[in-house]
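S.K.: Here it is: the structure, laid out below.
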Amino acid sequence: MTKNKLKFIIAIIALIICIGQIKQTYAKYTESKTGDAEFEVACWHILLNNSDITEGSTMSSLINPVYENNTNVASGVIAPGSEGYFLIDINATNTEVSFSYNISITPAISTDVEDLTISAYQIDNGAMNYVQSGINNLTGNISHNAQNKTISLKIYFEWFEGQGEQMNNAADTAASVGGGTGKINISATFTQIANT
């Protein structure tokens, strides 16, 4: 083999090695990753008298009136002069957002007992708050990190009899003979407090 041929072969080998090195030097490693980023959603789970507010329960099914003992009226019904109370318990123990609540309890427009009124309320067995025409906009806030996220409202009602009553004795009798129903409007609204 001649010297020129040997140089030529070495040059070719060197060129091949050089091209391989250049190819590796300029090669770009790429990798891609796609997928969903997951965000845990805050829990909105408020119980009103042990029922989830997002369920289709009616207020009538959630409210259980307790009638004060009256020896002249059968148990579980109301008559002129009867009194009692019902509870509205709010439990937000499993709720992870701060929210406000607004409770209103007012006389119903369509009722057979126009003298069925709200007379007072208590919050968490606190002071007695006397009212004359229902409860409008009983409001408050519950923070997501509060130690206690429950509120108990005790609402007192009565079939008012006396000075200023709207129903006379004939109307009282008509309500009972006709199988009437006493009604009170109850509204409970819960709204998340937005970031400001």
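S.K.: Which ones in segment 69-92 are more than 15 Å from Trp159 (Cα to Cα), part of a strand (DSSP E or B) and not charged (D, E, K, R)?
M.R.: Residues satisfying the conditions are Leu87, Ile88, Ile90, Asn91.
S.K.: Could you give every pair whose Cβ atoms fall below 8 Å, whose first residue belongs to segment 107-131 and is on the phi > 0 side of the Ramachandran plot and loosely packed, with under 11 Cβ neighbours inside 10 Å, and whose second residue is modelled with pLDDT under 90 and part of a loop (DSSP other than H, G, I, E, B), counting only separations of at least 6 or pairs across chains?
M.R.: none
S.K.: Could you list, in sequence order, the residues of segment 93-125 that are over 28 Å from Phe160 (Cα atoms), in a loop (DSSP other than H, G, I, E, B) and polar (S, T, N, Q)?
M.R.: First, the residues of segment 93-125 that are over 28 Å from Phe160 (Cα atoms): 93-101.
In the following step, the residues that additionally are in a loop (DSSP other than H, G, I, E, B) were identified as 93-98.
Passing the criteria: Thr93, Asn94, Thr95, Ser98.
S.K.: Any chance you could count how many residues in segment 12-68 are at pLDDT below 85, closer than 30 Å to Ile155 by Cα and either assigned to a helix (DSSP H, G or I) or touching an Asp or Glu at 6+ places or on another chain (Cβ under 7 Å) (or both)?
M.R.: 4
The values are calculated or read from the model by the stated rules, or taken from the named source; none is laboratory data. All values derive from a computational prediction rather than experimental measurement. Every residue, glycine among them, receives a Cβ derived from its backbone with ideal geometry; neighbour counts consider all protein chains shown.
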